[in-house]
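Quick notes on the structure that follows.
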Amino acid sequence: MYGKGLRALSIATAVVLTGATALIFFYAPLEADQGIIQKIFYVHVPLAIVALFGFVGGGILAIKQLRTRSREWDMRSYVAIHLSLVFAVGALITGSIWAKASWGHWWVWDEPVLVSFLIVFLLYCCYQPLRFSIEDPEKQARYASVFAIAAGAFVPINFMAVRLATAHIHPRVLSKTGGSLPGEMRLTFLVSLLGVGLLFLTLWKVELTAKNASMKLKKLRQRLEAGEAPATPLPEPAPEPVGTP
Amino acid sequence: MTFAAARAILRKDLAIELRTRQSVPAMALFSVTVFVLFHFGLDRNEIDGSLASGVLWVTLLLATVLAVSRLFAAEREDGALDGVLLAPIDRTAVYLAKASALFLYLVLLELIALPAFAILLLGPDLTQALPELLAIVALADIGLAGVGALVAGLAAETRLREVLVPLLLLPLLVPVLIASAKATKPLLMLNPAATDLGKWLGFMALYDMVFVLLAVAVFDFLLED
């Protein structure tokens with residue numbers, strides 16, 4: 001079930017990411033006062049946006065988990081948050097490099113995207129410690145979901161607070177991430193955003209498939225050890241293909 | 001029904017606090033100690049403006065951590081949580097009671113910490129801006145109590161409780177810190193400046209509403225079984 005469509009998704013991701021790279025270097029114009037370093041914008045901002053949506057998405061999947069009480073939704077929410085954390089690290093590092101190159105400092109407090117991300121990142125860093133300090137799997141899923149929902153609601157509110165606190169000091173940020181991009185840059189940015197988003201989805205699917213496969217394997221092992229040694233070599237052919245093709 | 005149960009739990013918590021005095025005095029003592037630390041750490045006898053509002057709010061946030069990590073202590077230590085959970089009441093009642101208890105602790109804390117801050121560290125006169133400050137403190141306390149009780153419930157049954165409470169609580173409270181520190185700053189300046197008090201009060205009201213409603217919605221799923 002999880003493996004289905006993975007091949008097509010991976011190919012689409014690879015194609016769009018390659019296209020985005022080509023657009024970044026050969027199509028998008030060089031920014032007048034920042035030069036080549038401005039290209040990191042096409043990595044930094046998509047990473048930040050995708051991580052943000054991943055966090056919020058993890059919260060929405062967690063609502064599903066609390067509704068259905070199924071382990072599957074918990075796993076989906078967990079993998080989404082886990083991947084978003086990785087993407088958020090990427091956003092922080094690329095943002096930091098960009099800040100150093102264009103403003104001369106590794107860290108700039110009046111860049112709301114960067115600052116919000118640090119706060120959100122610090123909060124989500126507690127997700128795994130919280131999760132794995134609860135042993136009972138059912139309870140673990142419930143507590144993790146409550147955290148994911150609260151933290152998912154926190155993301156936009158925190159964003160709003162940081163933006164309110166910095167907007168009037170540093171207005172150029174609004175024009176940088178927002179509407180006033182020239183056409184070529186806008187297209188490149190949108191393609192990069194699509195590429196990073198597809199990358200997120202592919203990785204999410206891969207990890208879910210792997211987790212699902214290892215859970216099935218564990219169940220089969222347990223059955224084997226419990227003495228339910230099947231007369232035929234294996235109980236039945238797996239109902240759906242598991243794992244990467 | 002829910003409110004009656006919440007009142008009963010709140011009454012029990014306040015009675016325990018009155019007799020054992022384990023939260024509020026510790027918080028008050030802690031904040032005075034932190035003011036002393038800031039005096040030496042900053043090497044300043046008097047502070048004002050953004051420094052003063054930052055010191056005040058960071059201290060109050062850190063003191064909140066103390067109360068949050070003790071919030072479910074009575075239930076946990078004597079296995080009394082099972083009793084509460086066996087009672088045919090809504091879990092929301094537990095949340096409302098714990099959040100109200102935390103709110104009252106915070107108000108009591110501020111009754112001590114604010115005068116102590118004014119005497120020990122603050123340069124300008126605190127009384128000139130008292131009504132505005134009280135509005136900020138009230139809205140901030142609702143946020144601290146609402147989020148604090150949720151985090152206490154989240155961390156109550158984990159192994160890493162003592163570590164998780166501050167690590168979870170403090171990032172979640174950053175928006176409250178931003179709003180309250182920004183709103184308090186002009187009030188504590190030597191020459192009071194124009195404020196955007198309304199903006200920050202509005203934001204805190206929004207934060208309080210979102211998180212209290214959210215906590216009421218999800219608290220049912222904590223403290224089960």
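Computed over the Cα atoms of the range A:1-54, what is the convex hull's projected area averaged over all directions, in nm²? List each step's numbers first, then the result.
Details: hull surface 19.1 nm².
Computing the convex hull of the Cα atoms and averaging its projections yields 4.8 nm².
Give me the net charge of residue A:77's neighbourhood, meaning all other residues with Cβ under 11 Å from the Cβ of residue A:77; Lys, Arg count +1, Asp, Glu -1.
Working: positive: A:64, A:71, A:76, A:131; negative: A:72, A:74.
Cβ neighbours under 11 Å give a net charge of +2.
Have a look at A:225, A:72, A:31 and tell me which one the Gaussian network model of chain A (Cα, springs below 10 Å) gives the largest fluctuation.
The residue that fluctuates most here is A:225.
Give, rounded to the nearest 20 debye, the magnitude of the charge dipole that the range B:1-127 has about its Cα centre when Lys and Arg contribute +1 at Cβ and Asp and Glu contribute -1 at Cβ. Could you put the intermediate results ahead of the total?
Values: 10 positive and 12 negative charges, 82 e Å.
Using only the charged Cβ atoms, the result is roughly 400 debye.
For the range B:1-106, take N as its residue count and report Rg(C-alpha) divided by 2.2 N^0.38 Å. Can you show the working numbers first?
Numbers: Rg = 17.4 Å, N = 106, 2.2 N^0.38 = 12.9 Å.
In units of the 2.2 N^0.38 Å rule of thumb, it is 1.34.
Thinking of chain B as a set of Cα atoms, what percent of all their pairs are more than 23 Å apart? Present the calculation step by step, with values, prior to reporting the outcome.
Numbers: 11899 of 25200 pairs.
When all Cα pairs of chain B are counted, 47 percent exceed 23 Å.
Considering the Cα positions of chain A, please state its Rg to one decimal place and its Dmax as a whole number of Å.
Considering chain A through its Cα atoms, Rg and Dmax are 21.3, 74 Å.
Let me test this: with uniform point scatterers at the alpha carbons of the protein assembly as shown, what is the Debye-based log₁₀ I(q)/I(0) at q = 0.06, 0.08, 0.11 1/Å?
-0.33, -0.58, -1.00
To the nearest 20 debye, what is the magnitude of the charge dipole of the protein assembly as shown about its Cα centre, counting +1 on the Cβ of each Lys and Arg and -1 on the Cβ of each Asp and Glu?
Numbers: 38 positive and 36 negative charges, 217 e Å.
Here the protein assembly as shown has a charge dipole of around 1040 debye.
Taking 0.36 nm per residue of sequence separation and subtracting the Cα-Cα distance, how much length would be gained by fully extending the chain between residue A:97 and residue A:210, in nm to one decimal? Display every interim value, and only then the final one.
Values: separation 113, 0.36 × 113 = 40.68 nm, distance 3.34 nm.
Here the segment from residue A:97 to residue A:210 would lengthen by 37.3 nm.
Name the residue from B:203, B:108, B:217 whose Cα lies farthest towards the positive end of the charge dipole of the range B:104-225, charges +1 on Cβ of Lys and Arg and -1 on Cβ of Asp and Glu.
The one lying farthest along the dipole's positive direction is B:203.
With springs connecting C-alpha atoms under 10 Å apart, model chain B as a Gaussian network and identify which of B:99, B:67, B:15 has the largest mean-square fluctuation.
So, out of B:99, B:67, B:15, the one fluctuating most is B:15.
Would you mind checking which residues have amide H under 5 Å from residue B:47's amide H? H placed 1.01 Å from N; only 5 or more apart, or other chain.
It is B:122, B:123, by chain and number.
Which pairs in the list A:64/B:185; A:4/A:139; A:64/B:98; A:139/A:218; A:4/A:100; A:139/A:205 are over 32 Å apart, alpha-carbon to alpha-carbon?
Details: A:64/B:185 42 Å; A:4/A:139 30 Å; A:64/B:98 27 Å; A:139/A:218 20 Å; A:4/A:100 43 Å; A:139/A:205 24 Å.
Going by Cα-Cα distance, A:64/B:185; A:4/A:100 fall outside the 32 Å limit.
Count charges around residue A:208 for me, please; just the other residues with Cβ under 10 Å from its Cβ, Lys/Arg as +1, Asp/Glu as -1. If you can, show how the numbers build up before the last one.
Numbers: positive: A:76, A:205, A:211; negative: A:72, A:207.
Within the 10 Å Cβ shell, the charges total +1.
Bear in mind that the values in this text are calculations on the coordinates, not laboratory data. The structure presented is a predicted model; accordingly, all values stated were derived computationally and were not measured. For neighbour counting, all protein chains shown are included, and Cβ atoms are generated from backbone atoms with ideal geometry for every residue, glycine included.
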